[in-house]
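Step one of this worksheet: look at the structure below.
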Amino acid sequence: MATVLGSGLAMLDSTVVNVALPHIGHDLSADLAGLQWTSTGYTLTLAALILLGGSLGDRYGRRKVFLIGVVWFAVASALCGVAPSMPVLIAARLLQGVGGALLTPGSLALIQSTYHPDDRARAIGAWSGLGGVATAIGPFVGGWLVDAASWRFVFYLNLPLAAAVVIVALRYVPESRDTTAQGFDIPGAVLGALGLAGITYALVEAPEKGGSPVVLGAAVAGVLALVAFVLVERRSRHPMMPPDLFRSTTFSAVNAVTFMVYAALGGMIFFLVLQLQTVSGFSALAAGIALLPFTVLMLLLSATSGSIAQKIGPRPQLIIGPLVAAVGALLLLRVGPDANYWTDVLPGVLLVGLGMTTLVAPLTSTVLAAVATRHAGVASGVNNAVARAASLLAVAALPLVAGLSGAAYKQPTAFSHGYRIAMVVCAGLFLLGTVLSALLVRRPAEVPTERVPERHVCCEVSGPPIEVGRPAGTARSEPAGTSAD
């Protein structure tokens, strides 16, 4: 309950806010850049700090850092709810992302460290499924709150949920930590955040400010920070994004596919929700419900997709999935003035949902299979960060590509033209995912082999196992409540 509600906070917030964007813009007199920052501010700090958040939990206690993240997230949500202006709202959204970066990795790590191995798979399955429910109901709840009360209640909703998490976690969740955890990659975290921030600022502000010194300076500073990030990661003793992982062709290829697919998805959802409300005349609730089939498909069919990938290998689904999603994005070009949900919206949403359902499970399993087991946690975190960074950059860049700026989202004709350009670009990004999968992903996925030093090898003999290399007279250490073979 604690981990599902905790991770559900982050999932819910990333969906409900999109539905509320037009109302936020109207109430706070925001331009399109303000709406972009409302969406990207949260994703920026979350993507930049999520790997550091996992490391902090391992070192100082997973429950402690998880709870700090939940409380931080709740306080930032309250600030969002009372924000009197766009600058205050954007600053609060940045703070929300920091809280999300602390609680998100801790939610799964707590299950991994607390449950017995025999029960762990079922616990993770419940966590994943119920987390999917939180994502599914997000647009519906957000739309209802916006129409029935105010967009501010989208943020107030987090407060009782966070209180429930704190109460349950303090009473029932044991503390755990990694006693072998090493140092932190603070320089890497700072440079990664600065790099993403600089590039995002340049992309968001370029439509209004053009090639001004501030925009160009931010772009150059962002690129230099990311270059420095790569150099620091190569020299760091404890890198947050170990360069060795990318020596695997499969790992690099699948993360490239992840970037393309999630950039397309993030940009598509941002534009579709605005198009439905600004151009098609949908209410916030109707716009939220319009996206519901997408999430329901992922919730119901993801496990089946994973089973199929296990039998036939990931490559076919990584090729077909983005291709189906690309067709769905092109079908969404039909969404315009007086759009009919059943004929203009639903077919595209269903195909994008089917495409993502087809590819997400094999995408995740291939990332984990492409690295050594000891790197599984870091590999999953890197893939998560890549997905969020892709969505961040897509929402920042697509309005520039589509020629939208200022109050264009309030002008149906101008926004509809930009929407069509954005949907074509999103379809192209999905197709790039298909091409990369076809060219670079092979079956079976390469799994690095590790040479185990002889002093750690266990020799099987008739009788108790002999552990070679253990000093004479030392006892085998067992966790409390377990027994040795």
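Got at least one residue in the stretch 309-326 being at pLDDT 95 or above, closer than 25 Å to Gln411 by Cα and assigned by TED's automatic domain parsing to the domain that holds Arg442? So far as the stretch 309-326 goes, no, none of its residues is at pLDDT 95 or above, closer than 25 Å to Gln411 by Cα and assigned by TED's automatic domain parsing to the domain that holds Arg442. Between Ala148, Ala163, the distinction of being more than 22 Å from Gly100 (Cβ to Cβ) and of a type in the set (A, V, I, L, M) belongs to Ala148 only.
Checking the stated criteria, Val65 turns out to be in a helix (DSSP H, G or I), in contact (Cβ under 8 Å) with a residue 24 or more places away in the chain, under 24 Å from Leu194 (Cα atoms) and in contact with a helix residue (DSSP H, G or I) (Cβ under 6 Å, 6 or more places away or on another chain).
For the stretch 261-292, filtered to residues that are in a helix (DSSP H, G or I) and aromatic (Phe, Trp, Tyr), the residue that is farthest from Leu21 (Cα to Cα) is Tyr262. Against the test of being outside the structural domain of Leu32 (by TED's automatic domain parsing), of a type in the set (A, V, I, L, M, F, W, C), at pLDDT 95 or above and under 30 Å from Leu436 (Cα atoms), the options Val232, Val204, Val223, Val254 yield a single qualifying residue, Val223. Of the set (1) out of contact with any Gly (no Cβ under 7 Å at 6 or more places or on another chain); (2) more than 15 Å from Ala422 (Cα to Cα), all apply to Phe294 but (1). Within the span defined as the stretch 365-376, every residue fails to be under 21 Å from Thr200 (Cα atoms), assigned to a helix (DSSP H, G or I) and outside the structural domain of Gly41 (by TED's automatic domain parsing). Taken over the stretch 281-294, residues that are crowded, with 23+ Cβ neighbours inside 10 Å and modelled with pLDDT under 90 amount to 3. Of the residues making up the stretch 308-348, those that are basic (Lys, Arg) and either closer than 30 Å to Leu285 by Cβ or in contact (Cβ under 8 Å) with a residue 12 or more places away in the chain (or both) are Arg315, Arg334.
When you scan the stretch 311-329, do you find a residue that is touching a Leu at 6+ places or on another chain (Cβ under 8 Å), closer than 23 Å to Ile421 by Cβ and not aliphatic (A, V, I, L, M), even just one? The answer is yes; a qualifying residue exists.
Output the qualifying pairs, or none if there are none: Cβ atoms under 7 angstrom, residues six or more apart or on different chains, first residue in the stretch 157-170 and in contact (Cβ under 8 Å) with a residue 60 or more places away in the chain, second residue outside any helix (DSSP H, G or I). As it stands, the answer is Val168/Met1, since those pairs meet every condition given.
Among the residues of the stretch 182-198, is any surrounded by 20 or more Cβ atoms within 10 Å (Cβ to Cβ), over 28 Å from Arg235 (Cα atoms) and in contact with a Gly (Cβ under 8 Å, 6 or more places away or on another chain)? No, there is no match, as no residue in the stretch 182-198 is surrounded by 20 or more Cβ atoms within 10 Å (Cβ to Cβ), over 28 Å from Arg235 (Cα atoms) and in contact with a Gly (Cβ under 8 Å, 6 or more places away or on another chain).
The values are calculated or read from the model by the stated rules, or taken from the named source; none is laboratory data. As the structure is a computational prediction, the values presented were derived from the model and not from experiment. Neighbour counts run over all protein chains shown; Cβ positions are idealised from the backbone, glycine included.
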